[in-house]
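What follows is one structure encoded as structure tokens, with my remarks underneath.
The values are calculated or read from the model by the stated rules, or taken from the named source; none is laboratory data. Since the model is a prediction, treat every value here as computed from it, not as a measurement. Methodologically, a virtual Cβ is constructed for each residue, glycine included, from the backbone with ideal geometry; neighbour enumeration extends over all protein chains shown. In case anyone asks, the SASA skips ligands and DNA or RNA and just uses the protein heavy atoms, side chains included. Shrake-Rupley method; radii C 1.70, N 1.55, O 1.52, S 1.80 Å.
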Amino acid sequence: MARVTASNTIVIEAPVEAVSAAIADYAQVRPRIQPEQFSAYRLIQGGQGDGTVAAWNLQATKKRNRDVKANVTVDDAAAHWSLVEEDENSSMATTYTVREATGGSLVEMTTSWDGAGGVGGFFERTFAPAGLKRIQHALLTNLKDDVEG
């Protein structure tokens, strides 16, 4: 099994504090910025950052559907702010990192999971990151519109 990873970045014209608060807001912001590949969003515990538990369905492709139950942890180290969603139902984890940038904040979103082995794993490592990058791009664009709007 090899680790499969997809990453995407965007610059949002807002301070790091505003962007990180929006990313960590699972009660209001997160449900409204999820693109069409997400459905059945449920807030299970918390709602604001560390300790939050949320669930949703991710339809990555026509045949690839994932029930995600994300446990959220936040790291607000001096150099950057980051939030990690670890899926209880799989090896998938998504990390959002926010850093100060010219004109606002640079947001990086990285998702990784343990891929399948064999021929199926080869195709997963080859094609899944591109598909997931499209989903990440849509989510980050929605975040940008929401924060800047």
Quiz prompt | Exposure of residue 80 as accessible area (Å², to 10), given a probe of 1.4 Å and all protein chains | solution = 50 Å²
Quiz item: For the charge dipole of the chain, defined by +1 on Lys and Arg C-beta atoms and -1 on Asp and Glu C-beta atoms about the Cα centroid, which residue among 45, 14, 142 has the Cα displaced farthest towards the positive pole?
Solution: 142
Self-check item: Karplus-derived HN-Hα couplings along segment 90-100 (A = 6.51, B = -1.76, C = 1.60, θ = phi - 60°), whole Hz, x at Gly and Pro
Solution: 7, 8, 6, 9, 10, 10, 9, 10, 10, 10, 5
Quiz prompt | Student exercise, the chain dipole from Lys, Arg, Asp, Glu Cβ charges, in Debye to nearest 20 | solution = 780 debye
Self-check item: segment 1-95: trypsin sites (Lys or Arg not before Pro) falling in loop per DSSP and having at most 15 other Cβ within 10 Å
Solution: 62, 63, 64
Exercise. Write out the GluC sites (Glu not before Pro) in segment 1-57 meeting two conditions: DSSP loop, and at most 13 other Cβ atoms within 10 Å of their Cβ.
Key: 13, 36
